[in-house]
Amino acid sequence: MSKIGIIMGSKSDLPVMQDAIDILKQFNIEVEVDIVSAHRTPEKLFDYGKNAHTRGFSVIIAGAGGAAHLPGMIASLSPLPVIGVPVKSTNSIDGWDSILSILQMPGGVPVATVALNGAKNAGILAAQIIGSSDAQVQKTIIAYKEDLKAQVIASSQDLK
């Protein structure tokens, strides 16, 4: 069974990152959550990035605010796909610093980037990555998308 690593730069990021945790649990995908600060715990960051693939992870979701170096640094160290979640933090410039720090990666160090505070989409994207080689997860994603479609159709009917 695949496992997703969800990391964030500080505990204050947890309310945003909880959306990724919740959707992955809804999809019955195992998650392991940790706090790994790129600036305050660089040794932990290096260990996590270099060893995540040996610990059974398939994808890493990394959320960070402010300078937001965590997703890019993890991507530079790990062979796994990394999804960055820019977090609008109290010290951010309306979230733009986080967005640009994660989005503007140099060639050779890709980080898939979702919207500001878009942890739910990061979780869905991680599940879709796993679902490309796991039929059961793919079935769950298909059912989820069918449910979204049904919700929109029901909302449309409510207007009539």
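Test Asp13 against the criterion of being surrounded by 15 or more Cβ atoms within 10 Å (Cβ to Cβ), under 23 Å from Leu116 (Cα atoms), out of contact with any strand residue (DSSP E or B) (no Cβ under 8 Å at 6 or more places or on another chain) and of a type in the set (D, E, K, R), and give yes or no.
Considered against the rule, which asks whether it is surrounded by 15 or more Cβ atoms within 10 Å (Cβ to Cβ), under 23 Å from Leu116 (Cα atoms), out of contact with any strand residue (DSSP E or B) (no Cβ under 8 Å at 6 or more places or on another chain) and of a type in the set (D, E, K, R), Asp13 comes out as no.
Where helices (runs of 4 or more DSSP H) sit wholly within region 1-106, those with at least 3 residues that are within 15 Å of the chain's Cα centre (by Cα) occupy 14-26, 70-77, 96-103.
Just checking, which of Ser58, Ser92, Ser98 is among the polar types (S, T, N, Q) and in contact with a Pro (Cβ under 6 Å, 6 or more places away or on another chain)? Step through it out loud before you land on a result.
Numbers: Ser58 fails: in contact with a Pro (Cβ under 6 Å, 6 or more places away or on another chain); Ser92 fails: in contact with a Pro (Cβ under 6 Å, 6 or more places away or on another chain).
Unique residue meeting the criteria: Ser98.
Checking each residue in region 52-99 for being in contact (Cβ under 8 Å) with a residue 12 or more places away in the chain and hydroxyl-bearing (Ser, Thr, Tyr) picks out Ser58, Ser76, Ser78, Ser89, Thr90, Ser92, Ser98. Among residues of region 16-33 that are over 15 Å from Gly63 (Cα atoms), those with a Cβ under 9 angstrom from a residue that is among the aromatic types (Phe, Trp, Tyr), sequence gap 6+ or separate chain, pair up as Ile23/Tyr144; Gln26/Tyr144; Phe27/Tyr144.
Every number in this text was worked out from the coordinates using simple rules, so none of it is lab data. As the structure is a computational prediction, the values presented were derived from the model and not from experiment. Neighbour counts run over all protein chains shown; Cβ positions are idealised from the backbone, glycine included.
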